[in-house]
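Shown below is the structure under consideration.
The values are calculated or read from the model by the stated rules, or taken from the named source; none is laboratory data. Given the structure is predicted, the values throughout are model-derived calculations rather than measurements. Glycine also receives a Cβ, built like all others from the backbone with ideal geometry; neighbour counts cover every protein chain displayed.
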Amino acid sequence: MNEVLVTGNTLPEAYHNALLALSREGQITPVSDYDTTQKELSLTMVVKNPLSEPMISRCFIGGARDLEQYRQEILDGILDFEIENGNWDYTYHSRMAEQFDFILSELRRNPDSRRAVIDVRDWRTDSIKSNPACLQHIQYLIRDGKLHCKVLFRSNDAAKASFMNAFSLIMLQKRFAEELGAKMGTYTHRANSYHVYEKDFPLLEGYVKRISGGGDITYYYEGDWALQMEDAKEEIAQFVRKRKEKIGAG
């Protein structure tokens, strides 16, 4: 399997370089569980300045509302109730939230620590479930007064998930940095299988064409995009309330 390292000053720059690398260097491999094939490589993506603008890529599925909802799912667990309802086995937030206080306390205890790790994978259940967690663990390191974040995915859908994953995990990194009084460091996103499924090959190549075309393929987060995400919060809250009411009615 090809091994690739890409970097970028901003999240979109690094993400676009990752998509280009997958298109050019990915290998076609079977996905027998789903009776299809994929284009795949092992990828490490480093974002040098995660909060630098522009922060938003135009090459991802969804819009401001989708990104805001996913951010809230990761940081605040707005859909964790689906677990108790039996619809989902877990959410990333449900597996991470109890460890948030440990991350903060450990890095306050020893800013040089190498122990500030969030475990997401649960081998006891993921080994027997049909939808094991793709995100495996997250490590935080403070060096030179900056909080660095290093993330490991066992599997990561490049075209449909990886941008939203990275954006939301950067927002979690930002929350921790603010609580710790640290500056933002780098964000490193490691995917042992960075891939697109066969049905999404045209989507990937469409992104590659836009990236290579030289046009405007980013948005600034601060300003219009942030306002759109803020405006979406009430709609998201209504969506969550309706989901809960439906559960109650059932």
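Mind telling me which of the residues LEU203, LEU227 ends up being within 15 Å of SER57 (Cβ to Cβ) and in a helix (DSSP H, G or I)?
Numbers: LEU227 fails: within 15 Å of SER57 (Cβ to Cβ).
One residue alone meets the criteria, LEU203.
Is there a residue in the range 102-118 that is touching a strand residue (DSSP E or B) at 6+ places or on another chain (Cβ under 9 Å), among the acidic types (Asp, Glu) and in a helix (DSSP H, G or I)?
yes
Same structure, new question: Residue by residue through the range 142-175, note down the ones that are more than 14 Å from PRO50 (Cα to Cα) and outside any strand (DSSP E or B).
ASP144, GLY145, ARG154, SER155, ALA158, ALA159, LYS160, ALA161, SER162
Then there's this: What pairs come up if the first residue lies in the range 203-227 and is acidic (Asp, Glu), the second is modelled with pLDDT under 95 and surrounded by 18 or more Cβ atoms within 10 Å (Cβ to Cβ), and their beta carbons are under 9 Å apart, counting only those six or more places apart or on different chains?
Every condition considered, no pair remains.
Next question. Enumerate the pairs (first residue in the range 58-78 and within 21 Å of TYR15 (Cα to Cα) and at pLDDT 95 or above; second residue anywhere and among the acidic types (Asp, Glu) and not in a helix (DSSP H, G or I)) with beta-carbon separation below 9 Å, excluding pairs fewer than 6 apart on the same chain, so at least 6 apart or on different chains.
Hits for this filter: ARG58/ASP216.
Quick check, is ASP66 more than 27 Å from LYS199 (Cβ to Cβ), among the acidic types (Asp, Glu) and in a helix (DSSP H, G or I)?
no
Tell me, which residue of the range 176-194 that is part of a helix (DSSP H, G or I) and not charged (D, E, K, R) is surrounded by the fewest Cβ atoms within 10 Å (Cβ to Cβ)?
The extreme case among them is LEU180.
Could you look through the range 1-24, keep only residues that are under 22 Å from the mean Cα position of the chain (by Cα) and charged (D, E, K, R), and pick out the one that is nearest to LEU152 (Cα to Cα)?
Here the answer is GLU3.
Restricting to the range 206-224, and then to whatever is in a loop (DSSP other than H, G, I, E, B) and either modelled with pLDDT of 95 or more or not charged (D, E, K, R) (or both), can you tell me which residue is nearest to PRO50 (Cα to Cα)?
TYR220
Okay, next question. Taking GLN38 as the residue in question, decide whether it is buried (at least 16 other Cβ atoms within 10 Å of the Cβ), part of a strand (DSSP E or B) and of a type outside the set (Lys, Arg).
Yes; evaluated as a whole, the condition is true for this residue.
Then there's this: Name the residue that is surrounded by the most Cβ atoms within 10 Å (Cβ to Cβ), counting only residues in the range 1-27 that are β-branched (Val, Ile, Thr) and over 22 Å from ILE61 (Cβ atoms). Even if it seems obvious, please write down each step before you answer.
Filtering the range 1-27 for residues β-branched (Val, Ile, Thr) gives 4, 6-7, 10.
Going one step further and asking which of them are over 22 Å from ILE61 (Cβ atoms), we end up with 4, 7.
On the way: VAL4: 19, THR7: 15.
Within the range 1-27, the match that is surrounded by the most Cβ atoms within 10 Å (Cβ to Cβ) is VAL4.
Go through the range 83-113 and count every residue that is under 24 Å from ARG154 (Cβ atoms), buried (at least 17 other Cβ atoms within 10 Å of the Cβ) and of a type in the set (A, V, I, L, M).
Here the count works out to 2.
To keep it simple, each residue is scored yes or no on (1) under 21 Å from GLU179 (Cβ atoms); (2) of a type outside the set (Asp, Glu).
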residue	(1), (2)
GLY77	yes, yes
THR91	no, yes
ARG95	yes, yes
ASP101	yes, no
ASP112	yes, no
PRO132	no, yes
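Ok, one more. From the list ASN165, ASN156, exactly one residue is more than 25 Å from GLU230 (Cα to Cα) and not acidic (Asp, Glu). Which is it?
Going through ASN165, ASN156 in turn, just one is more than 25 Å from GLU230 (Cα to Cα) and not acidic (Asp, Glu): ASN156.
Which condition does LEU43 not pass, out of (1) more than 14 Å from VAL196 (Cα to Cα); (2) crowded, with 16+ Cβ neighbours inside 10 Å, if it passes all the others?
(1)
Would you point out which residue out of ASP80, ASP66 is within 20 Å of GLU222 (Cα to Cα) and surrounded by 15 or more Cβ atoms within 10 Å (Cβ to Cβ)?
Every option except ASP66 fails the conditions.
Looking at the range 46-63, which of its residues are buried (at least 20 other Cβ atoms within 10 Å of the Cβ) and either over 20 Å from ASP157 (Cα atoms) or of a type outside the set (A, V, I, L, M, F, W, C) (or both)?
PRO50, SER57
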